[in-house]
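Notes for the one structure printed next.
No lab work stands behind these numbers, since they all come straight from the coordinates. As the structure is a computational prediction, the values presented were derived from the model and not from experiment. As a convention, Cβ positions derive from the backbone with ideal geometry for all residues, glycine included, and neighbour counts pool all protein chains shown.
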Amino acid sequence: MEKEVLWRDMPSMENNFAFFEKIYALWLREFKVFLREKSRLVASTFTPLLWLFVVGIGFGSVATLPAMSSIGYQKFIFPGIVCMSIIFTSIFFGSYIIWDRKFDFLKSVMVAPVNRATIFVGKALGGMTSSLIQAAILLAIGVVIGIAYSPVGIIETIVIVLLLSFILTSLGLIMGSYMQSLEGFQMIVSFVVFPLFFLSGALFPLEKLPQWLMVLTSIDPATYGVDAMRITMLGIGRNSFALDMVALLGFAISFGAIGAYSFARMKAV
C-alpha cells in the first residue's frame with residue numbers, strides 16, 4: 001500500500017523538479033548575459049557613487065535637517081542611493097524583453113512547453129540577481145563612509161533588496177511585454193524611474209511634505225524600501241520595519257500577479 005502511494009506521488013515530484021529546472025535555465029541565461037556586459041555593471045555602479053560622494057558631500061555641507069543631525073547627510077542618503085541603483089537596474093531590465101523579441105529568442109522560448117508565468121519568474125529572478133550584485137558592491141562601499149552593519153541587519157537588507165528588485169524588475173518586464181520599440185520603452189521608463197526615486201525620500205525626509213505629495217510617496221514601493229533600509233542600517237525610520245516589509249510584500253505579490261498576466265497575453269513578435 002505504501003509503495004502505491006509513493007508511486008502516485010512520483011509524477012508530481014517530477015513535475016515540480018521540471019518546473020524549477022525551467023526557471024533555473026531561464027535565470028542562468030539572464031545571469032550569463034549580465035556577466036558578459038561588464039560595461040553595464042561599471043556604468044550602473046558609477047552613477048550611484050557620483051550621487052553618494054558628490055551630492056552627499058555637497059548637500060551635506062549645507063543640510064541642517066534634524067533627522068540628519070546625528071548621522072550626517074551622506075549616511076542619511078546612503079540607503080536611498082542603494083535603492084536608486086536597484087530602481088534603475090531593475091526597471092531597465094525590461095528592455096531585454098524587446099531585445100529578445102527583435103532577435104527571435106523570445107519566440108523560441110514562448111513556443112517551448114513552458115508556462116508563461118514560469119518565463120516571467122525566470123526573467124524576474126535574473127533581474128533580481130543583477131540588482132543584488134550591484135547592491136552588494138554599494139553595501140561594501142558603505143563601510144568606507146562609516147555604515148556599521150550587524151549580522152541581522154545584513155540579512156534584513158538582503159531581503160529588502162530582493163523584494164524591491166522583484167517589484168521593480170516585474171514593473172520593467174510588464175512595460176517591456178507591451179512595447180515593441182526600444183526607443184519607446186526608454187522614453188516611458190524615464191517618466192517612471194525618476195518619480196520613483198525622488199518620491200521615495202531617498203534624498204530628504206518625508207515628514208514635512210504637503211499632503212498631496214505624501215499621497216504620492218505612499219504609493220511608491222521604493223518609499224518603503226528606503227525606509228526599511230534606513231531602519232536596518234541607521235536605526236531611524238518613518239514607519240515601523242514590519243509595516244515597510246508588509247507593504248513591500250504586498251507590492252511584490254501584486255506586481256508578480258500582473259506580470260504573470262501580462263506575459264500570458266504577450267506576443268512574441
Check your understanding: Can you give the extra length, in nm with one decimal, that the chain gains between Phe191 and Glu207 once fully stretched, where that is 0.36 nm per residue apart less the Cα-Cα distance?
Key -> 3.3 nm
Study note, to complete from the structure: Compactness check, the chain: C-alpha Rg relative to the 2.2 N^0.38 Å globular estimate gives 1.10
Exercise for review: Hand me the trypsin sites (Lys or Arg not before Pro) from the stretch 214-269 located in a DSSP loop with no more than 15 other Cβ atoms within 10 Å, in residue order please.
Suggested key: Lys267
Check your understanding: What are the semi-axes of the equivalent ellipsoid for the stretch 197-269, taken as the square roots of 5 times the Cα gyration tensor eigenvalues, largest first, in whole Å?
Key -> 29, 15, 10
Exercise for review: Could you sort out which of Lys123/Lys208; Lys38/Lys102; Lys102/Lys123 sit more than 28 Å apart by Cα distance in this structure?
Suggested key: Lys123/Lys208
Point to revise | Stretchable slack from Ala117 to Ile145, in nm (0.36 nm times residue separation minus alpha-carbon distance) | key: 5.9 nm
Revision key, fill the gap. Subtracting the Cα-Cα distance of Phe31 and Ile158 from 0.36 nm times their residue separation yields 43.9 nm
Check your understanding: For the residue pair Val215 and Val54, what label-to-label distance in nm results when each label sits 7 Å from Cα along the Cα-to-beta-carbon direction?
Key -> 3.6 nm
Revision key, fill the gap. Of the candidates Thr129, Trp99, Ile86, the farthest towards the positive dipole end of the chain (Lys/Arg Cβ +1, Asp/Glu Cβ -1, centred on the Cα centre) is Trp99
